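Questions regarding the structure given below will be posed in turn.
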Amino acid sequence: MTEPERLDRTERFRLLYEACFADVSAYCRRRCDRSTADDAVAEVFTIAWRRFDELPTEPDRLWLFGVARRVLANARRRVPPDRTHRTDPPRSNRAPERSRYRHRR
């Protein structure tokens, strides 16, 4: 790749990044915590840079959303099962309260 081609590629990627960063970031943040979303967005654009010549010409944003979906799926697989729902309240060791209404048999 010659220097003018590289500059052109760099400029085209910069335009893609500026046009799609906010949308990809919002997509990721709706689906996970902020730290994971930031890591996912960085990985999405790293993949986009590596595969830039393979990107479809028109619906770039849709391709990036597809990459983001797969990156987030991989991130979820790396999280231990007991940490997947960190926003859930901690479980109590107490037995559930019995209903005050008894079922008749």
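At pLDDT 70 or above and out of contact with any strand residue (DSSP E or B) (no Cβ under 8 Å at 6 or more places or on another chain), is that true of R61?
yes
Here's something else I'd like to know. Being under 11 Å from the mean Cα position of the chain (by Cα) and of a type outside the set (D, E, K, R) is the filter here, so list the residues in the range 26-54 that pass it.
If the condition is that a residue be under 11 Å from the mean Cα position of the chain (by Cα) and of a type outside the set (D, E, K, R), then A26, Y27, C28, C32, S35, T36, A37, A40, V41, A42, V44 are the ones that fit.
Filter the range 15-48 for residues that are aliphatic (A, V, I, L, M) and surrounded by 14 or more Cβ atoms within 10 Å (Cβ to Cβ) and give the result.
L16, V24, A37, A40, V41, V44, I47, A48
The values are calculated or read from the model by the stated rules, or taken from the named source; none is laboratory data. Here the structure is a predicted model, which is why all the values come from computation and not from measurement. In this analysis, Cβ positions are derived from the backbone assuming ideal geometry, glycine residues included, and neighbour counts consider all displayed protein chains.
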